[in-house]
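Reading through the structure tokens given below for one structure.
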Amino acid sequence: MDEIVLETRGLTKRYGDLVAVDHLDLTVRRGEVFGLLGPNGAGKTTTILMLLGLTEPTEGTVRVLGLDPVRQPLSVKARVGYLPEQLGFYENLTARENLIYTAKLNGLRREEAYRRIDEALEKIGLVEAADKPVSTFSRGMRQRLGLADVLIKKPEIIIMDEPTQGLDPGVALEFLEIIRDLKAQEITILLSSHLLHQVQAVCDRVGLFHRGRMVLEGTVEELAQQVLGGAYRIHIEVEKPHHVLEEALRRLDGVVRVEREDTRAYLVEARRDMRAEVARAVHEAGGALLSLDMELPSLDEVYARYFEQQEVNDGSAE
Amino acid sequence: MAARSEEMARVSAREGSPWTGMWAVVWKEMADNLTSVRMSILETLTVLTAIGTVYSAAQNLRSSGRDPFLFLRLFTTGREPLPAFVGFLGFLVPLIAIALAFDAINGEFNRRTISRLLSQPIYRDALLLGKFLAGLFTLALVLSTIWLIIVGLGIVTLGVPPSGEEVARLLWFLLVVIFYGGIWLSVATLFSILFRQPATAALASIAVWLFFAIFWGMIADLLTQVLAPVRVGYLEEIVRQVRLNLALSRISPNTLYVDAVLALLNPNIRSLGLVLPVQLEGAILGTPLPLDQSVLLIWPHITGLIAATILIFALGYVLFQRREIRA
């Protein structure tokens, strides 16, 4: 379970003067869903291409399933599926014909190929459209076909570059559901995205990329803790807000910030789940609690706050 | 230096065969080629040309009486204003070859299939060579079909079957035509790697072909005048000039094709170069050369065509290996 399937040490890629990836250390274990986050041009796609041996690293080492993608690209690519951001198919061929081509390139025998293709089409729900030309497919269908294309090689690792970009919210949710299914089958998934709430919904761990470096890494809670300070945000509504109440909340051990949101609402940021303490404090201060609910830390906020801080730092440095 | 040798070791230590998956590429591309609209158009055009020229050649030949190589004349006889079938092939073959390959690689980039394709367990070698071979096989298939049609038409219109030697000569001719197509196939493949837009690649290929088909002859003449002028009029001077002109004109694949085809289909041609009276001593003029002598005559042409194909393909190969996948 704890086997390391993806590992990079000091991985660097330079295009002339431009450093696309800068000394990246990344470790992903079997069965994990790892999210690469970051703005465009942060080095996510370059990292992915190096993991697959599609571009050579300038420096550093990569190990994928214990193999070096530069020296043993065939073994790596036979066991790792890649769903590129720019996903294209042969438009004049049907979905099934496109998959047959992939199966042949993987050296699958005919019966085995046909069996796996049927399975994959079944799994991603494209059975009815299987014999229609891809030119008639919608964006969502193409994305699902791309996943079927990856599944027929029965990969141990699937790497997805911006898998939900440009999809309808409904289709995107279905797609995330499929990712959860894959995770349940012990398939390791590395996905890059800038659609944060979706990443948050499926990823075990995330890494935040900024200018070729992975600046933050960990679970969403850990990241929130680091960047936002308080990772738990408790919203309360009281009947008569007053100063004493606010002070009482602030004095609680573990509370980072108390902010008045509305005439009757407060936001309490805390380092741990303090719903019970907050409720007691309100009661003890003589207030009447009308509602209390806790919001899980959101990656969007982590992301926004991180880059805000970054800009402030950059500004002061200049 | 150390980094370099490490790099070399890395390349040589590449696992598995570079041709893994190549046949999958070949079959897929051939199926695409043979079902594409552009191929149907060109095939129709070629078949119509074949029927038209062979028909008019047969009309001419009927009145020409006995000729031991009547069948070969089917390919080389034209009737004004139409050129002979081999003349038509001289520009139809490059056209077909260019049409087959001008979007070989940039098409994959534009369809965005390249990264999906290369993330399969194959090397780039397999993709490039697979595409080239598919083009060559398609060309061979189309040309062989037309070849058979013409031979069939010939039997019907002339009323005589071809002799064994004629068939052998025609088979060699077919081979030369396919190799001639191979050059243009590799030129178009090279441009499909070089240029992102298929239209640019197609135009560049056609430009190169036009350059050699039309302008190279003039340029060769001009260069000859400059490099080997005849000042006094000695025999050596004249011989030197003619030799240089021949050598220059043979840089063009079109010249190689025309020379080779003429020597094969016209057994009376004894030399493709300059013949001095001394060399003719003892020769019986007007007798045809045996096949092996004709083949010997054009052997440099055939090897030249193949060498040029390999050279251009190799250049494309190097460029493609270095190409970054992300657009």
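Annotations
- Normalised contact order of the range A:157-278, rounded percent, pairs of Cα under 8 Å and 6 or more residues apart: 18
- The range A:142-190 and the range A:22-87 have Cα centres separated by 17 Å.
- For chain A, averaging the sequence separation of C-alpha pairs within contact (under 8 Å, six or more residues apart) and dividing by the residue count gives a relative contact order of 18 percent.
- Inter-chain Cβ neighbour count for B:18-25, averaged per residue, equals 3 (cutoff 10 Å, partner chain atoms only).
- The GNM of chain B, with springs linking C-alpha atoms under 10 angstrom apart, assigns the highest mean-square fluctuation among B:43, B:108, B:15 to B:15.
- Within straight-line cross-link reach of residue A:44, lysines at Cα separation under 17 Å, skipping those fewer than 8 residues along the same chain: A:13
- Under the convention that each Lys and Arg Cβ holds +1 and each Asp and Glu Cβ holds -1, the size of the dipole of the range A:146-194 around its Cα centre is about 160 debye.
- Fewest-first ranking of A:161, A:168, A:253, A:17, using other Cβ atoms within 10 Å as the exposure measure: A:17, A:253, A:168, A:161
- Within the shell defined by Cβ-Cβ distances under 15 Å, the residues around residue B:104 carry a net charge of +2, with Lys and Arg each +1 and Asp and Glu each -1.
- Spatial offset of the range B:30-78 relative to the range B:202-277 amounts to 27 Å, using the alpha carbon center of each.
- For the range B:186-327, the relative contact order comes to 29 percent (Cα pairs under 8 Å, sequence separation of at least 6).
- For chain B, Kirkwood radius (reciprocal of mean inverse C-alpha pair distance, Å): 22.1
- Annotation: the residues A:261, A:217, sorted from fewest to most other C-beta atoms within 10 Å of their own C-beta, follow the order A:261, A:217.
- Residue order, fewest to most surrounding Cβ atoms within 10 angstrom, among A:160, B:22: B:22, A:160
- Residue mean of other protein chain beta carbons inside 10 Å, B:30-37: 1
Just so you know, all these numbers are worked out from the coordinates, no wet-lab data involved. Here the structure is a predicted model, which means the values were calculated and not measured. No Cβ is skipped: glycine too gets one built from the backbone with ideal geometry, and neighbour counts run over all protein chains shown.
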